[in-house]
Amino acid sequence: MKATAMALLIFAATSVCGSATAAAKDTDMHARVQATLDKFYAQNPGHRELVAKAAGVLVFPRISKGGAVVGGEHGRGTLLANGREVGHYEISGASLGATLGYADRSEVILFMTSDARDQFEHSKGWTIGADVGVAIASQGAGGQYDTQTLKRPVLAFVLGEHGLMADVSLQGDKVKAIGH
């Protein structure tokens, strides 16, 4: 139990340091968001049409996850509506028991309805997977999706997983606003 508490303290300290470093790097966030969207479009021709239909697009260019038994992850992203930046967000999560390794990934979350986007924007902390309307694309960003998946109000896609990670799950990741 003492080792678990120590690991959580170390993770919290590195998250705070990582957040300060990330703030310094926000000057190029727009370019990283666009590069992530370009990769997303390249993986499946239908993605451009999905983004065009979406009421909002939340893009996390880099989410880092790591740990051994106790794990954590963190990333920063931007919400786009009508092609314009409307907010900045961070995603974080912690796990106990199922994590081993380190990996980076990108995420693109599409809010297919105005209601879904509004609910997200007005939440004080939104959790991926807690909302029954969220469909996490199980075939990866380049796969084909069934019509039931595409009818969901929120679609989440994982791109470019790099590293070695025994657990790459989106369930339980928390997203919160960091300023507009």
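Brief remarks follow.
- Across the stretch 55-70, the number of residues qualifying as over 16 Å from the mean Cα position of the chain (by Cα) and assigned to a strand (DSSP E or B) comes to 4.
- Matching option when the condition is surrounded by fewer than 20 Cβ atoms within 10 Å (Cβ to Cβ), over 24 Å from GLN34 (Cβ atoms) and at pLDDT 85 or above, among SER123, SER169, SER138: SER123
- Filter pass, VAL86 being under 23 Å from ALA177 (Cβ atoms), at pLDDT 90 or above and part of a helix (DSSP H, G or I): no
- Complete set of residues in the stretch 93-113 that are hydroxyl-bearing (Ser, Thr, Tyr), buried (at least 19 other Cβ atoms within 10 Å of the Cβ) and over 17 Å from HIS30 (Cα atoms): THR99
- Qualifying positions in the stretch 28-72 - hydrophobic (A, V, I, L, M, F, W, C) and under 13 Å from VAL158 (Cα atoms): LEU37, PHE40, LEU58, VAL59, PHE60, ILE63
- Boolean, SER106 is of a type in the set (Ser, Thr, Tyr), within 16 Å of GLY160 (Cβ to Cβ) and touching a Lys or Arg at 6+ places or on another chain (Cβ under 9 Å): yes
- Candidates in the stretch 37-50 are the residues that are under 16 Å from the mean Cα position of the chain (by Cα) and modelled with pLDDT under 95; of these, the one that is surrounded by the most Cβ atoms within 10 Å (Cβ to Cβ) is PHE40.
The values are calculated or read from the model by the stated rules, or taken from the named source; none is laboratory data. Because the structure is predicted, anything quoted here is derived from the model rather than measured. Virtual Cβ from ideal backbone geometry, glycine too; neighbours counted across all protein chains shown.
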